[in-house]
Amino acid sequence: MSDFLFIKTSSLGDVIHHMPAVTEVRRNRADARISWVVEEAFAPLVRLHPAVDAVIPVDSRRWRRKLHRLATWRALRDFRVALRAQSYDEIVDAQGLVRTAVMAKLARGRRHGYDAGSVREPFASRFYDVRHQVDPGLHAVARNRLLTARALGYTPDRILDFGLDRAGLAAAADAPYGILLHATAQHAKEWPEQSWVEAGRMLSGRGVDLLLPWGTRVERNRSLRIAGALGQARVPDRGPLDAVARRIAGASFVIGVDTGLLHLAAALGVPLVGIFVGSEPSLTGPMGPGRMAVVGGKAAMPSARDVVAALDRVNP
């Protein structure tokens, strides 16, 4: 049996984009034991993937903010112990950042990663034993799959499988609902609040409740304002990522900006419309088994009418 370690820590969209690579490893290396280093906030989602045998959580974002605390150094020590608890046949840093390359260096095993011309932080490649050239112009899902296949010695196939079972995850609901994902960590990716209100009003009368999830206080306030303007919309409580995945799995449709939860909806096969205004869909657009449409593009602002018309095409 082979032991493989993947390092793909964040962000949520990046973690989801790596899931097809892990599914493909299981198809090609059925007896392998697969471990995954991921940020603690995303660990509940990674644990839902049936091919992952062990999850090693890391909380690097919090540690960086609290390096002056003794508890942080204890947590760093515990992480290092967990990372080095066993030897791996192959270690794949699919993130390609200096901080994740350092994690790969700490682990025991042969280290693989992108070469200097294939990665955002070229210095990271110095930490790897084996460096792989992967076209940086490819979609993130394709890059992850190619890197992983070259590191582990097989040829990628045409099957796109994120390893997530929508029917098995879907939470029971009293009435059908759609989800509006307005929140994103990057201001440049936001769709105007008034556009959300206009789209929501155009969707009224269809017998579907609208849910407005949130992750921060600012996002919650925005959800409340949009819901207040619509009347028929609800703002759910914040929950762990696995609970959010179950809520998304049960949705009739999802409309969202370029954010991690949109990619989760795509991975689950939920009909969706992706609104792109500050990023390039060809590089990070949603991919998955369900019906989907993308409106807008980098520096292109779609209207509410564009969005609802796209939804009618994917969810008639």
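The values are calculated or read from the model by the stated rules, or taken from the named source; none is laboratory data. This one's a predicted model, so the numbers in the text were calculated from it and none came from an experiment. Cβ coordinates were reconstructed from backbone atoms using ideal geometry, including for glycine residues, and neighbour counts include every protein chain displayed. Surface accessibility is based on the protein's heavy atoms, side chains included, excluding ligands, DNA and RNA. Shrake-Rupley method; radii C 1.70, N 1.55, O 1.52, S 1.80 Å.
Kindly establish whether VAL22 is of a type in the set (Val, Ile, Thr), under 27 Å from ASP78 (Cβ atoms) and assigned to a helix (DSSP H, G or I). Here the answer is yes, as VAL22 does meet what is asked. Can you find a residue that is open to solvent by 20 Å² or more (accessible area, probe 1.4 Å) and within 18 Å of the chain's Cα centre (by Cα) anywhere in the range 224-232? No, because not a single residue in the range 224-232 is open to solvent by 20 Å² or more (accessible area, probe 1.4 Å) and within 18 Å of the chain's Cα centre (by Cα). Please enumerate the residues belonging to the range 258-316 that are at pLDDT 95 or above and basic (Lys, Arg). Of everything in the range 258-316, those that are at pLDDT 95 or above and basic (Lys, Arg) turn out to be ARG291, ARG305, ARG313. Whenever a residue of the range 127-138 is under 21 Å from ILE91 (Cα atoms), its partners that are open to solvent by 60 Å² or more (accessible area, probe 1.4 Å) and charged (D, E, K, R), lying with C-beta atoms within less than 6 angstrom and at least six residues away or across chains, give the pairs PHE127/LYS105; ASP129/ARG110; HIS132/ARG150. Checked against the criterion of being modelled with pLDDT under 95 and outside any strand (DSSP E or B), the candidates ARG99, ARG120 yield just one match: ARG120.
Taken together, ASP14, ASP89 contain a single residue that is open to solvent by 30 Å² or more (accessible area, probe 1.4 Å) and in a strand (DSSP E or B), which is ASP89. The residue of the range 162-185 that is surrounded by the fewest Cβ atoms within 10 Å (Cβ to Cβ), among those that are touching an Asp or Glu at 6+ places or on another chain (Cβ under 8 Å) and in a loop (DSSP other than H, G, I, E, B), is ALA175. Among the residues examined, LEU283 qualifies as out of contact with any Asp or Glu (no Cβ under 9 Å at 6 or more places or on another chain) and surrounded by fewer than 20 Cβ atoms within 10 Å (Cβ to Cβ).
Quick one: would you say GLU219 is modelled with pLDDT of 95 or more, part of a helix (DSSP H, G or I), within 24 Å of ARG313 (Cα to Cα) and among the acidic types (Asp, Glu)?
no
Out of VAL314, VAL307, VAL270, one residue alone is more than 20 Å from the chain's Cα centre (by Cα) and surrounded by 22 or more Cβ atoms within 10 Å (Cβ to Cβ). It is VAL307. Taking (1) over 18 Å from the mean Cα position of the chain (by Cα); (2) farther than 23 Å from GLY290 by Cα; (3) of a type in the set (A, V, I, L, M) in turn, LEU211 satisfies each apart from (2).
Exactly one residue out of ALA266, ALA309 is among the hydrophobic types (A, V, I, L, M, F, W, C), under 23 Å from GLU40 (Cα atoms) and outside any loop (DSSP other than H, G, I, E, B): that is ALA266. Here the range 28-51 is the region considered, the condition is being closer than 15 Å to ILE91 by Cβ and in a loop (DSSP other than H, G, I, E, B), and the residue that is least open to solvent (accessible area, probe 1.4 Å) is ALA32. Taking (1) without any contact (Cβ under 8 Å) to a residue 60 or more places away in the chain; (2) in a helix (DSSP H, G or I) in turn, MET202 satisfies each apart from (1). Scanning the range 186-198 for residues that are in a helix (DSSP H, G or I) and open to solvent by 70 Å² or more (accessible area, probe 1.4 Å) yields HIS187, GLN194, GLU198. With respect to (1) in contact (Cβ under 8 Å) with a residue 40 or more places away in the chain; (2) open to solvent by less than 30 Å² (accessible area, probe 1.4 Å), the lone exception for GLY297 is condition (1).
Can you tell me how many residues within the range 277-301 are under 21 Å from ASP312 (Cβ atoms) and assigned to a loop (DSSP other than H, G, I, E, B)? So that I can check it myself, show each step before the final result.
So in the range 277-301, the residues under 21 Å from ASP312 (Cβ atoms) come out as 277, 281, 285-286, 288-297, 300-301.
Right, trim to assigned to a loop (DSSP other than H, G, I, E, B) and you get 277, 285-286, 288-291, 301.
So the count comes out to 8.
Would you be able to say whether some residue in the range 71-85 is open to solvent by 20 Å² or more (accessible area, probe 1.4 Å), under 19 Å from LYS8 (Cβ atoms), among the acidic types (Asp, Glu) and at pLDDT 95 or above? Looking for residues that are open to solvent by 20 Å² or more (accessible area, probe 1.4 Å), under 19 Å from LYS8 (Cβ atoms), among the acidic types (Asp, Glu) and at pLDDT 95 or above, one finds none in the range 71-85, hence no.
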